[in-house]
Amino acid sequence: MGDRSERPDSLDPDAVEAVQFLTRAESRLAIICELVDRDDSSQGTLRDALDASRTTVMRALRSLQDRGWVEETAEGYRLTTTGELIAAAVTDLLDTVATTAELDAFLRYAPSDEIDIGLLAAADVTVTTPTDADPYAPARKQSEIVARADRLRVLLPATDLESTRTVTEAVTDGLELESIVSPSVAATFETPEFGPLVREGLATGRSTILVAPADLPYYLGLADDEVVQIGVADDEGIPRALLETTDDRVRRWAEDIYSEYRAAAEPKQAADF
């Protein structure tokens, strides 16, 4: 098989027609997806699953049989071998479209040259965005991780007094924290408002601060050995979306990214703040 990432020189008219046939009637698409998880299904079972009329289901089944994608057995209806291949491609496409729709708010602000967008699109993720009812939803989601993690490593491009206070309290309560911060955050930590909190955390021996040589393009949080969080902001530094996942592939990518930034960062001591 060829590289699916390569764009074909021309679209296969038969393939285009087949896609149009399947998507023109939602009932056909629904039946194909329903039969993926069932060995055999009766008309009645499919009607109940689709919440559709007998006529609609019968018409859709007949057209799928004519295509050779569905066959009737003594026990009911099932996918043919060709139908199984079609179903696999369709469900993959639907999953990708659904994930991309959820990722949309994140992708608007994510630096595509810094983040593996394709990897995130293929992963099981949740995206938290600000709303009128909860404008601080991404920050609140970050705070939830801080509250429940035993160990946390972060790339921190920006900060505020409240989140610094929250993190210091968590470190005092036992959180092991390693922070790679941008130069601007390091400068903020040296101010009279932030300095005492930073020194308090460092004094526990459970907080480590390293300063990156340049600005950090996004927030990255690695909680324990499971959750990965990626936060993106607009040009004014306002948080716009926080992505969270436990996908192993994303975790490995995030670990590599963190290690690269850590190798280039300079450790700081309490006296520096």
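Over segment 43-171, the hull volume per residue, using the convex hull of the C-alpha atoms, is 214 Å³. Close amide H partners of VAL211, meaning residues 5 or more places away or on another chain with modelled amide H under 5 Å apart, are VAL181, GLU266, LYS268. Between GLU178, GLU26, GLU190, the Gaussian network model of the chain with springs among Cα atoms under 10 angstrom shows the greatest mean-square fluctuation at GLU26. Here's the picture: charge each Lys and Arg Cβ at +1 and each Asp and Glu Cβ at -1 in segment 110-231, and of LEU220, SER112, THR166 the one pushed furthest to the positive end of that dipole is THR166. Among beta bridges identified by DSSP and lying wholly in the chain, the antiparallel ones come to about 70 percent. Cα convex hull, segment 165-217: 73 Å³ per residue, rounded to a whole number. Counting only DSSP H runs of at least 4 residues, each contributing -39500 (n - 2.57), and dividing by the residue count of the chain, the helix-based mean residue ellipticity at 222 nm comes to -15500 deg cm²/dmol. Could you give the angle, 0 to 90 degrees to the nearest 10, between helix 161-172's Cα long axis and the longest principal axis of the Cα atoms of the chain? Long axis of 161-172 versus the principal axis of the chain: about 80 degrees.
For segment 234-248, putting each phi into the Karplus relation 6.51 cos²θ - 1.76 cosθ + 1.60 with θ = phi - 60° gives couplings of 7, 5, 8, x, 7, x, 10, 6, 10, 9, 9, 7, 10, 4, 4 Hz, in residue order, rounded to whole numbers and with x for Gly and Pro.
Cβ under 13 Å from GLU17's Cβ, GLU17 left aside: what net charge do those residues give with Lys, Arg +1 and Asp, Glu -1? Summing Lys and Arg as +1 and Asp and Glu as -1 gives 0. Under a model in which nothing but the beta-carbon of Lys, Arg (+1) and Asp, Glu (-1) is charged, the chain shows a dipole of about 360 debye around its Cα centre. Each residue of segment 175-192 was assigned a 3J(HN,Hα) from its phi angle through the Karplus curve 6.51 cos²θ - 1.76 cosθ + 1.60 (θ = phi - 60°); the sequence is 5, 8, 10, 10, 10, 9, 10, 6, x, 5, 5, 4, 5, 5, 4, 7, 6, x Hz, with glycine and proline shown as x. Taking only Cα atoms and a 10 Å spring cutoff, compute GNM fluctuations for the chain and point out the largest among THR188, THR73, THR246. Top of the fluctuation ranking is THR73. Highest mobility in the GNM of the chain, judged by mean-square fluctuation with C-alpha springs under 10 Å and restricted to ALA133, ALA149, ALA214, is found for ALA133. Computed about its Cα centre, the charge dipole of segment 190-273 is approximately 240 debye, with only Lys, Arg, Asp and Glu carrying charge at their Cβ.
Which GluC sites (Glu not before Pro) in segment 71-105 pass both tests, a DSSP loop state and at most 16 other beta-carbon atoms within 10 Å? Filter output for segment 71-105: GLU75.
Taking all protein chains together, TRP69, TRP253 sort by accessible area into TRP253, TRP69, largest first [probe 1.4 Å].
Both radii were evaluated on the Cα set of segment 14-59; the Rg over Rh quotient, with Rh as the Kirkwood radius, amounts to 1.01. Each Lys and Arg contributes +1 and each Asp and Glu -1, all at the Cβ; summed about the Cα centre of segment 116-250, the dipole is approximately 240 debye.
Against the 2.2 N^0.38 Å scaling, with N counting residues, where does segment 123-201 land? I'd like the Cα-based Rg ratio to two decimal places. Walk me through the numbers on the way to the answer.
Values: Rg = 13.5 Å, N = 79, 2.2 N^0.38 = 11.6 Å.
Relative to the rule-of-thumb radius for its length, segment 123-201 sits at 1.16.
Here, segment 146-267 is characterised by an Rg to Rh ratio of 0.94, where Rg is the alpha-carbon radius of gyration and Rh the Kirkwood radius. The residues of the chain expose on average 57 square angstrom of accessible surface per residue, using a 1.4 Å probe on protein heavy atoms.
The values are calculated or read from the model by the stated rules, or taken from the named source; none is laboratory data. Please read these numbers as outputs of a predicted model, since none were measured by experiment. Positions of Cβ are generated from backbone atoms using ideal geometry, with glycine treated the same way; all protein chains shown enter the neighbour counts. For the accessible areas, the whole protein counts, side chains as well, though only heavy atoms, and no ligand, DNA or RNA atoms are used. Shrake-Rupley method; radii C 1.70, N 1.55, O 1.52, S 1.80 Å.
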